[in-house]
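Here the structure comes first, spelled out in structure tokens, and everything after it is commentary.
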Amino acid sequence: MSDGKTAAEIRRPILLYDGSCGFCRRGVAILVRLDPERRVARVDMTSALAGSLMTTISPERRRQSLHVIRPDGRVLHAGVALRAVLCQVQPEARWRSVGYWPLVGLIIDRAYDLIAAVRGPLGRVTSWLPEPPPDDLLPTDWPLLDSVASGETDSPDETM
């Protein structure tokens with residue numbers, strides 16, 4: 001890797017969001033504005049590409065909340081994922097550590113759960129907010145999706 005960085009240091013966290021949810025899309029649009037440096041990749045979990053990324057997330061849980069795949073492969077869900085994204089997009093912000101204080105973290109998690117429960121109606125109320133730009137997953141964000149970058153040499157058609 002260039003500059004002595006490992007693959008995990010080059011990868012960006014990947015935010016998986018429900019692109020069929022108006023409120024979710026508009027929330028991602030706000031996150032995009034907070035992330036001018038493009039520190040977080042975004043993928044609509046209803047897209048074909050997301051299927052390969054969500055293999056470790058149970059089908060029941062996939063559409064319940066947003067998810068973040070960290071560069072090390074760990075997956076975060078719901079309020080914890082939201083807090084991680086906010087810290088990633090605004091790393092210099094003074095408030096960033098507040099989200100991990102025990103009581104504040106609990107309040108954020110409960111508020112996330114409440115909002116997620118009523119996100120359908122919230123999507124209609126927030127229709128005036130902007131839509132997010134297209135997803136921006138790069139091959140360096142998750143090279144295992146690219147057979148050349150992952151080192152895969154066998155063709156999927158080959159049989160033993």
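Please treat every number below as a calculation from the coordinates, not as lab data. This one's a predicted model, so the numbers in the text were calculated from it and none came from an experiment. Note that we place each Cβ from the backbone using ideal geometry, even for glycine, and neighbour counts take in every protein chain shown.
Points worth noting:
- Applying 0.36 nm per residue to the separation of Thr46 and Thr126 and subtracting their alpha-carbon distance, the gain on full extension is 26.7 nm.
- Inter-label distance, nm, simple model (7 Å from Cα along the C-beta direction), Asp136/Arg39: 1.3
- Across region 108-123, computed HN-Hα scalar couplings (Karplus, 6.51 cos²θ - 1.76 cosθ + 1.60, θ = phi - 60°) run 4, 4, 5, 4, 4, 4, 5, 5, 4, 5, 10, 5, x, x, 5, x Hz from first to last residue, x flagging Gly and Pro.
- Selection among Gly123, Ser20, Val89 by position relative to the dipole of region 12-147 gives Gly123 as farthest towards the positive end (Cβ unit charges, Cα centre).
- Förster radius 41 Å - calculated FRET efficiency between Glu92 and Glu60, Cβ distance, rounded to 0.05: 0.65
- 13 Å beta-carbon shell around Val75, net charge (K/R +1, D/E -1): +3
- Neighbours of Arg25, meaning other residues whose beta-carbon lies under 13 angstrom from its beta-carbon, give a summed charge of 0 when Lys and Arg score +1 and Asp and Glu score -1.
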